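Let me begin by presenting the structure, written as structure tokens, before commenting on it.
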């Protein structure tokens, strides 16, 4: 039996290879179901190490989300892009110390979300912001 980390890598690599062929939606959905069933099989096994048990709980808690990238071509299979998108706002927050109140925090989050989305879509962030300001 393979250690769980190797099995997880096998599943991930298998799905990425599958997606290279740009399969149609029905095949994507079937492969997503395969992935979920395979992961469920992994989580139902007995593991002695506490760290592995914690990982299993983590996997189970996010089961419905792990394979979104299989059926949604625009979703990255890792959270690397999300982490990169968060880097700039975190640096800004650290530079200014903190945001002073809940309202300011919500406004900042929304603005940064819009900017990240526009960048990802290849839009000019300044022009998009001006469109909103001008109404």
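The values are calculated or read from the model by the stated rules, or taken from the named source; none is laboratory data. This one's a predicted model, so the numbers in the text were calculated from it and none came from an experiment. Every residue, glycine among them, receives a Cβ derived from its backbone with ideal geometry; neighbour counts consider all protein chains shown.
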task = Go over the candidates 105, 113 one by one and state the one that is closer than 30 Å to residue 126 by Cβ, modelled with pLDDT under 80 and either touching a helix residue (DSSP H, G or I) at 6+ places or on another chain (Cβ under 9 Å) or surrounded by 11 or more Cβ atoms within 10 Å (Cβ to Cβ) (or both).
result = 105
Filter result for residue 80 (at pLDDT below 90 and loosely packed, with under 12 Cβ neighbours inside 10 Å) = yes
inquiry  = surrounded by 12 or more Cβ atoms within 10 Å (Cβ to Cβ) and under 26 Å from residue 111 (Cα atoms): which single residue out of 89, 23, 73 fits that description?
reply    = 89
query = Which ones in the stretch 28-43 are touching a helix residue (DSSP H, G or I) at 6+ places or on another chain (Cβ under 9 Å) and either over 12 Å from residue 70 (Cβ atoms) or surrounded by 15 or more Cβ atoms within 10 Å (Cβ to Cβ) (or both)?
reply = 28, 31, 32, 34, 35, 38, 39, 40, 42, 43
